[in-house]
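Okay, structure first, notes after.
Any read-out appearing in this document is the output of simple, stated calculations on the displayed coordinates, not a laboratory observation. Keep in mind the model is a prediction, meaning the values are calculated, not measured. All Cβ positions, glycine included, derive from the backbone under ideal geometry; neighbour counts span all protein chains shown.
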Amino acid sequence: MSESSANTSNINGKVAWKSPSNIAIVKYWGKYGNQLPRNTSLSFTLSNAFTITSVAYHPKESSGIDIDFTFEGSRNKAFEQRIVRFLDSIAKELPFLYDYHLEIASENSFPHSSGIASSASAMSALCMCLCDIDSQIHHKENIDIQFASHLSRLGSGSASRSVIPFFGLWGHHNDIPNSSNEYAIEMTEVHDVFRTYHDDILIVSAKEKSVSSSAGHQLMEGNVFADNRYQQANDRIIELLEILKKGDVDRFGKLAEDEALTLHALMMCSDPSYILMEPNTIEMINRIRAFRKKSSLPVYFTLDAGPNIHLLYPNHIESEVNKWINAELLELTADGKIIKDKVGNGPEKII
Ligand code: PMV
């Protein structure tokens with residue numbers, strides 16, 4: 001046993017958590033230091049795109065991180081090595097990691113190659129398990145969500161927001177009390193219309209991205225628009241908070257689209273430049289805008305760092321939107337792939 005964890009109980013146990021992905025409305029793009037964001041971001045937590053992770057823990061004598069990792073039932077050495085490096089990097093904050101052998105098993109609700117980034121759900125599910133184990137062996141009553149968000153952030157920046165119910169804000173903002181670069185916090189002044197909002201994820205391509213998010217964040221360091229972008233994001237956060245309070249779905253949608261296109265514009269003017277949208281991404285955007293004009297329904301889109309369209313709309317127009325998706329958008333997806341998702345209330349304990 002390491003000195004720092006001498007007071008822990010010498011117990012075996014098992015925990016499991018289900019944790020969702022999230023979709024940012026104001027995007028985090030650009031980071032510094034140890035996973036600290038260059039600007040404040042705000043997302044909503046999803047319901048149906050999630051990871052379930054279980055961790056069984058057994059005391060051990062040997063030193064160092066020692067895990068077995070299975071992904072969807074099979075040993076996965078590449079993921080295992082990534083997790084070992086991550087656990088080693090956070091072991092000074094969770095010394096029990098050196099004292100226990102961990103059997104970690106993880107699975108996603110969405111197909112692995114569906115084009116959905118799984119790092120936010122995967123990292124937050126793992127960190128909820130680690131915080132739960134820490135509470136059990138130290139006989140603490142509750143899990144500290146702030147700490148879980150902080151650990152998740154160290155695994156993947158956007159994962160910090162996945163442990164937050166509904167709307168999560170990450171990154172220090174001078175005008176937002178308690179905001180922090182270290183962890184996300186919940187934004188609670190949200191109109192009811194946004195608490196049942198839809199995000200239908202239309203899969204344009206399930207192929208692996210040509211440029212990873214980490215490389216994209218890195219390229220922001222040399223981007224001539226970087227400073228203006230960070231200022232713009234911080235201004236848009238204030239506007240978004242006002243929109244969320246008022247329940248203005250059209251301003252919400254416009255801001256989401258502006259942010260999505262800004263993110264992709266930043267990629268296009270990086271050096272080297274790159275494009276993650278596909279021809280069908282642009283075609284869908286045109287069809288969404290034409291449908292909105294014709295129907296006057298508040299249907300808007302956002303994009304992650306990839307080609308897939310996230311269709312955002314309020315619950316009360318679900319049936320009209322579904323009919324139109326089937327008639328006009330489904331043919332532009334990869335093999336009819338669509339993940340119908342909604343705002344959700346964060347991680348859930350399974351065991
Ligand atoms: O968490 P990362 O490093 O994979 O970065 C995610 C960045 C975006 O998804 C594009 C935006 C965001 O805020 O989630």
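Between Arg85 and Lys60, what length comes free when the chain is fully extended (0.36 nm per residue of separation minus the Cα-Cα distance, one decimal in nm)?
Values: separation 25, 0.36 × 25 = 9.00 nm, distance 1.90 nm.
Answer, rounded to one decimal: 7.1 nm.
Full extension of the chain between Glu103 and Val224 yields a length gain of 39.0 nm, computed as 0.36 nm times the residue separation minus the alpha carbon distance.
Could you grab the relative contact order for the stretch 163-267? Cα pairs under 8 Å, six or more apart, rounded to a whole percent. Before the final figure, lay out each step's value.
Working: 68 pairs, mean separation 25.0, N = 105.
For the stretch 163-267, the relative contact order is 24 percent.
To the nearest 0.05, what FRET efficiency results for Glu208 and Asp335 with a Förster distance of 22 Å applied to their C-beta separation? The pair Glu208/Asp335 has a calculated efficiency of 0.85. Sorted fewest first by neighbouring Cβ atoms within 10 angstrom, Asp132, Asp66, Asp304 come out as Asp66, Asp132, Asp304. What you get for the stretch 227-289, charging only the Cβ of Lys and Arg (+1) and of Asp and Glu (-1), is a dipole of about 200 debye around the Cα centre. Distance between the C-alpha centres of the stretch 172-245 and the stretch 292-351: 19 Å, rounded to the whole angstrom. Spin-label pair His316-Asp175: with each label point 7 Å from Cα along the Cα-Cβ axis, the two points sit 2.9 nm from one another.
Charges only on Cβ, +1 for Lys and Arg, -1 for Asp and Glu: so what's the dipole of the stretch 53-204 about the Cα centre, in debye to the nearest 20?
On the way: 10 positive and 21 negative charges, 76 e Å.
My answer is approximately 360 debye.
Quick one: helix 77-90 against the long Cα principal axis of the chain, what's the angle to the nearest 10°, folded into 0 to 90? That helix lies at roughly 70 degrees to the long axis. Just need the Rg to Rh number for the chain, please, alpha carbons only, Kirkwood Rh. A ratio of 0.98.
Segment Met268..Glu348, full-extension length gain: 25.0 nm, with 0.36 nm per residue of separation and the alpha-carbon distance subtracted. Spin-label model, Asp192/Lys14: points 7 Å from Cα along the beta carbon direction are separated by 4.2 nm.
Considering only the Cα atoms of the stretch 78-217, their convex hull presents on average a projected area of 10.9 nm².
Using DSSP to call loops (not H, G, I, E or B), can you name the trypsin sites (Lys or Arg not before Pro) in the stretch 44-94 whose Cβ has at most 15 other Cβ atoms within 10 angstrom?
Numbers: sites: Lys60, Arg75, Lys77, Arg82, Arg85, Lys92; in loops: Lys60, Lys92.
Hits after loop and neighbour filter: Lys60, Lys92.
With only Lys, Arg, Asp and Glu charged, each at its Cβ (+1 for the first two, -1 for the last two), find how big the charge dipole of the chain is about the Cα centre; round to the nearest 20 debye. Please list the in-between numbers first.
Numbers: 33 positive and 44 negative charges, 115 e Å.
So the magnitude is around 560 debye.
Have a look at Leu329, Phe194, Asn174 and report the one farthest towards the positive end of the charge dipole of the chain, computed about the Cα centre with Cβ charges (Lys/Arg +1, Asp/Glu -1). Ranked along the dipole, the leading option is Leu329.
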